[in-house]
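Peer 1: Before we start, here is the structure in question, set down as structure tokens.
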Amino acid sequence: MTYLYEKAVTPKSGLRLHLNENTGGCSPAVLDALRGITAEAVAFYPDYSEAIGAAAWRLGVPPSHLLLTNGLDEGILAACLVAMRSARRNPAEAIVVVPAFDMQASCAETAGAKVVEVPLRDDFAFPTDEVIAAVKPITRIIFITSPNNPTGISAPPDGILRIAAAAPQAIVFVDEAYADFSGSSLIGDPALAAHPNIIVGRTFAKAYGLAALRCGALVGALEKLEAIRRALPPYSVNLAAAVALPAALRDRAYYEWYLEQVRESKRLLYATLDRLAVPYWQSDANFVLARFGDRAADVCSLLAARGIYVRDRSKNHGCAGCVRITAGIVEHTRRCANALEEVLCAVR
Ligand SMILES: *Cc1c(COP(=O)(O)O)cnc(C)c1O
């Protein structure tokens with residue numbers, strides 16, 4: 001089996017509810033900061049001290065415990081390279097709890113690991129014991145996504161810590177791309193000090209609306225982080241991201257406003273899906289996964305015909321008939337909810 005990231009067909013216009021992006025765009029303060037970039041600054045290699053300081057302050061860690069990356073994607077790739085480094089001529093395995101973000105298995109395989117998939121339990125409960133049972137001496141990295149994409153369900157912190165204790169030889173990579181929306185994170189958990197093999201990955205793409213600028217962060221113990229730093233190109237985060245990040249992090253009002261829009265949007269989606277008798281899962285993230293069954297493909301194409309793009313996740317493990325809908329600005333969600341009502345009447 002070969003793993004790869006399947007890029008979604010991206011329409012030029014219409015309502016994008018298929019990639020969990022911030023549907024309201026970034027804070028206006030970010031655009032102001034970008035406009036302030038000078039010709040000289042563009043000509044120089046970027047300095048990251050302000051961006052690192054801002055991110056570390058925001059996440060509540062010392063700057064030395066944080067690495068900025070060109071999107072969380074780069075952090076996933078670098079962690080895989082480092083995890084597999086000591087395994088050059090030996091067999092190595094990566095455990096991925098599935099369904100999961102495609103890049104995890106794709107990067108682990110590219111770095112030389114055999115990917116071992118551990119599925120979520122029925123109803124997407126987190127399989128702590130199954131992951132621990134899958135750990136071997138050759139397990140080099142374990143990917144856990146919390147809240148999960150595409151289910152929106154968080155993994156229990158004590159389960160993650162038990163896994164980290166059971167696999168001290170492996171990097172336990174906790175992908176927290178959606179932690180802004182759940183409001184809970186392993187970062188700052190005092191138990192983390194006992195588990196230097198845990199690396200937490202964050203992104204500023206989703207809640208802060210910086211997806212196109214590519215900016216993420218890895219947080220973890222010094223030694224692991226230093227190894228990953230060596231794998232990263234020294235200037236992989238570009239000037240635009242370095243300038244945008246402090247501006248985005250300073251505008252707390254915009255961030256809090258957006259999080260409230262997302263919460264309200266999820267309530268609206270739940271109410272609509274309840275009315276339409278479509279099962280769904282309560283989500284800790286900025287999207288909702290709903291099971292339309294046989295109608296999933298039709299629902300997606302009929303919504304697309306109305307200029308509304310959602311993601312058919314049927315091919316994901318355990319997600320047959322499931323569609324993932326981004327919950328962003330309430331007004332956007334309302335358009336989607338109204339269209340869903342029409343579309344479901346048409347395909348019933
Ligand atoms: C979006 C996403 C990422 C990638 O974040 P970038 O910063 O855009 O690279 C990583 N993990 C998960 C689970 C995601 O959904």
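Peer 1: Carbon-plus-sulfur fraction of the accessible area of the range 59-202, 1.4 Å probe, in percent?
Peer 2: Carbon and sulfur atoms account for 56 percent of the accessible area of the range 59-202.
Peer 1: Aspartates and glutamates within cross-link reach of LYS12: Cα-Cα under 18 Å, excluding same-chain residues under 8 positions apart?
Peer 2: Correct list for LYS12: GLU21.
Peer 1: Once each part is reduced to its C-alpha centroid, what is the distance from the range 105-176 to the range 284-301 in angstrom?
Peer 2: What the calculation gives is 25 Å, centre to centre.
Peer 1: Give me the Kirkwood hydrodynamic radius of the chain, using the inverse of the mean 1/r over all pairs of distinct Cα atoms, in Å to one decimal. Please list the in-between numbers first.
Peer 2: Numbers: mean 1/r = 0.0481 Å⁻¹.
Radius from the Kirkwood sum: 20.8 Å.
Peer 1: Taking the Cα centre of the chain as origin, work out the dipole magnitude from +1 charges on Lys and Arg Cβ and -1 charges on Asp and Glu Cβ, in debye rounded to 20.
Peer 2: Magnitude of the dipole: close to 480 debye.
Peer 1: Here's something else I'd like to know. Give the Rg/Rh ratio for the range 174-240, taking Rg as the radius of gyration of the Cα atoms and Rh as the Kirkwood radius, to two decimals.
Peer 2: For the range 174-240, the value is 0.99.
Peer 1: Same structure again: Please provide three numbers in whole Å: the alpha-carbon extents of the range 1-144 along the principal axes, with the largest listed first.
Peer 2: Computed over the Cα atoms, the extents are 53, 39, 29 Å.
Peer 1: Now a separate question. Would you calculate a helix-derived [θ] at 222 nm for the chain, using -39,500 (n - 2.57) for each DSSP H run of n ≥ 4 and dividing by the full residue count, to the nearest 500?
Peer 2: About -12500 deg cm²/dmol.
Peer 1: Here's a follow-up. How far is it, in nm, from the label point at ALA133 to the one at ASN238 when both lie 7 Å from their Cα along the line to the Cβ?
Peer 2: A separation of 4.7 nm, rounded to one decimal place.
Peer 1: In Å and whole numbers, how far do the C-alpha atoms of the range 207-348 stretch along each principal axis, longest first?
Peer 2: If we take the Cα atoms of the range 207-348, the spans are 55, 35, 26 Å.
Peer 1: Have a look at the range 74-166 and give its Rg and Dmax from the Cα atoms, expressed in angstrom.
Peer 2: Calculated on Cα positions, Rg and Dmax stand at 12.7, 39 Å.
Peer 1: If you don't mind, there's one more thing I want to ask. Using only the alpha carbons of the range 241-295, what is the convex hull's orientation-averaged projected area in square nanometres?
Peer 2: 5.2
Peer 1: Which pairs in the list LYS114/LYS206; LYS7/LYS224; LYS114/LYS224 are over 25 Å apart, alpha-carbon to alpha-carbon?
Peer 2: Too far apart for the 25 Å limit: LYS114/LYS206; LYS7/LYS224.
Peer 1: Which listed residue (ILE76, PRO91, ALA43) has the Cα farthest towards the positive end of the charge dipole for the range 41-138, taking +1 on Lys and Arg C-beta and -1 on Asp and Glu C-beta about the Cα centre?
Peer 2: The residue sitting farthest along the positive end of the dipole is PRO91.
Peer 1: How big is the dipole moment of the range 1-149 about its Cα centre under a simple scheme where the beta carbon of each Lys and Arg is +1, that of each Asp and Glu is -1, and everything else is neutral? Debye, nearest 20, please.
Peer 2: Around 340 debye, computed over the range 1-149.
Peer 1: Same structure, new question: Antiparallel as a % of all DSSP beta bridges within the chain, to the nearest 5? Walk me through the numbers on the way to the answer.
Peer 2: Numbers: 17 of 38 bridges.
Rounded to the nearest five, the antiparallel share is 45 percent.
Peer 1: Report ASP312's accessible area, 1.4 Å probe, all protein chains in place, as a number in Å² to the nearest 10.
Peer 2: Rounded to the nearest 10, that gives 60 Å².
Peer 1: Continuing with the same structure: Kindly report the accessible area of the chain per residue (heavy atoms of protein chains, probe 1.4 Å, no ligands, DNA or RNA), in Å². Working shown, then result.
Peer 2: Details: 15040 Å² over 348 residues.
Spelled out: the 1.4 Å probe surface of the chain, per residue, equals 43 Å².
Peer 1: Given points 7 Å out from each Cα along the Cα-Cβ axis, report the ALA271 to THR38 separation in nanometres with one decimal.
Peer 2: 5.2
The values are calculated or read from the model by the stated rules, or taken from the named source; none is laboratory data. Model, not experiment: these values are computed from the prediction. Counting neighbours? That spans all protein chains shown, and the Cβs are built from the backbone with ideal geometry, glycine included. Side chains are part of the model used for accessible areas, which takes the heavy atoms of the whole protein and leaves out ligands, DNA and RNA. Shrake-Rupley method; radii C 1.70, N 1.55, O 1.52, S 1.80 Å.
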